[in-house]
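First up is the structure itself, then whatever we jot down about it.
The values are calculated or read from the model by the stated rules, or taken from the named source; none is laboratory data. Quick caveat: nothing in here was measured; it's all calculated off a predicted structure. Here the Cβ positions follow ideal geometry from the backbone for every residue, glycine too, while neighbour counts run over all protein chains shown. Calculation scope for accessible area: heavy atoms of the full protein, side chains included, ligands and nucleic acids excluded. Shrake-Rupley method; radii C 1.70, N 1.55, O 1.52, S 1.80 Å.
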Amino acid sequence: QNAEEQASVAAAAADTLQQVASLLGLEQAEDLSNALTTRRLVTRDDVVTVPLNLEQSSDSRDALTKSLYGKLFTWLVQRCNEKLVDDSAAAAFVGVLDIFGFEHFPINSFEQLCINYANERLQQQFNWDVFKSEQAEYEAEGIEWKYIQFIDNQDTLDLIDRKEHMGVLHLLDEECAIQKGSDEKFVQKVRDRHKGHAQFEVPKRDQMTFTIAHYAGRVTYTVIGFREKNKDTLHQDLSAVMQDSQSAFVRELFPMADAAALGSPPQKGGPRKHKGKSADKMTVGAQFMTQLGVLMRTINSTGVHYVRCIKPNTKNVPAVFDMSHSAHQLRCAGVLEAVRIS
């Protein structure tokens, strides 16, 4: 980064840049370098090239890496399914879901919120399958039983994803849609909106945080970087460079629709392109909520069996069982209550 805070590829990384460009089928490594360190903004009459600082360029690099990984993974799964699965001959299926582990670190960011949100939703499903369905069956069959109280985490889920209540993820999407939005404004909106919520707490020492009481414990989230992480930050310039690749495979991973939005500057008096739904990219949070909803519908349409994995100790050593640590996991996961009712 120079004195004007304009980023560039370090001379020591020139060979690495050339290798990456070659693997991606790009004619010139300079095209990749420019896409990582600058942005082209389309105005009414022209295209303006804006230099990026070191942090912004690093975000572009990370976004391209994540996009490549995600697209390759999706392609591989689809390829396997095409070769191994005959949908016309399948009468049923057996699915294995590896559930996220609940995460609570000294500093928790957007990733931890998404993971813990998924855990919260899956825990509710576990509660429903084990507690509500068992108790309903006892009542239907006239079996005498003692009602067992269990934690209903619907309040926490509403705090995160309820649109009518402007849950945390919806407030984040709203802030991402504002051109002059910021993490500071987002956290203030969250604090103001949910300060009276039973599962929400406001740390006094750090104004850039908020706390959610999850089923497994309270987690304090630091909102620095939330907006950028929630956006689809793979800029159109990078998509356009990938589309210009000499490799047909790379072009397949980055279809023309991803790069078309950049286009040429509009002609004066020319027809304006109308934005359709395809142009309105969903945020990461919105995609996560949608995908989680699809997963829950799939789970609800199947017969579910649960396998709970308990981490015996925090030192990652064999044959050592920490009683209190194991009991805490069983209690948080609702396993102890499940044993009582069954």
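At a glance:
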quantity: Complete set of residues in the range 1-44 that are open to solvent by less than 50 Å² (accessible area, probe 1.4 Å), touching a residue at least 40 places away in the same chain (Cβ under 8 Å) and closer than 18 Å to Asp59 by Cα; calculated: Ala7, Leu32, Ala35, Leu36, Thr38, Arg39
quantity: Filtered residue count, the range 101-125, keeping only those that are buried (at least 19 other Cβ atoms within 10 Å of the Cβ) and among the acidic types (Asp, Glu); calculated: 1
quantity: Qualifying residues in the range 235-255 (those that are open to solvent by less than 20 Å² (accessible area, probe 1.4 Å) and assigned to a loop (DSSP other than H, G, I, E, B)) - the one farthest from Met282 (Cα to Cα); calculated: Ser245
quantity: The range 146-155, subset closer than 19 Å to Val335 by Cβ and modelled with pLDDT of 75 or more, residue most open to solvent (accessible area, probe 1.4 Å); calculated: Asp152
quantity: The range 173-227: number of residues that are of a type outside the set (Lys, Arg) and either assigned to a strand (DSSP E or B) or within 30 Å of Arg331 (Cβ to Cβ) (or both); calculated: 25
quantity: Cβ pairs under 9 Å, 6+ apart, first in the range 175-189 and within 14 Å of Tyr221 (Cβ to Cβ) and of a type in the set (Asp, Glu), second in a helix (DSSP H, G or I) and open to solvent by less than 90 Å² (accessible area, probe 1.4 Å); calculated: Asp183/Glu175; Asp183/Phe226; Asp183/Arg227; Asp183/Glu228
quantity: Matching option when the condition is out of contact with any Cys (no Cβ under 7 Å at 6 or more places or on another chain), of a type outside the set (Val, Ile, Thr) and at pLDDT 95 or above, among Asp161, Asp129, Asp98; calculated: Asp161
quantity: Enumeration of residues in the range 27-61 that are part of a helix (DSSP H, G or I), closer than 15 Å to Asp237 by Cβ and not small (Gly, Ala, Ser); calculated: Glu30, Asp31, Leu32, Asn34, Leu36, Thr37, Gln56, Asp59, Arg61
quantity: Matching residues, the range 313-342, being outside any helix (DSSP H, G or I), within 24 Å of Val130 (Cα to Cα) and open to solvent by less than 50 Å² (accessible area, probe 1.4 Å); calculated: Ala333, Gly334
quantity: Subset of the range 71-95 (residues that are modelled with pLDDT under 90 and closer than 23 Å to Ala248 by Cβ); calculated: Asn81, Glu82, Lys83
quantity: Any chance Leu76 is surrounded by 17 or more Cβ atoms within 10 Å (Cβ to Cβ), in a helix (DSSP H, G or I) and within 26 Å of the chain's Cα centre (by Cα); calculated: no
quantity: Test: Ser88 is open to solvent by less than 90 Å² (accessible area, probe 1.4 Å), hydroxyl-bearing (Ser, Thr, Tyr) and outside any loop (DSSP other than H, G, I, E, B); calculated: no
quantity: The one condition in (1) open to solvent by less than 70 Å² (accessible area, probe 1.4 Å); (2) closer than 30 Å to Leu36 by Cα; (3) over 19 Å from the mean Cα position of the chain (by Cα) that Gln179 fails to fulfil; calculated: (1)
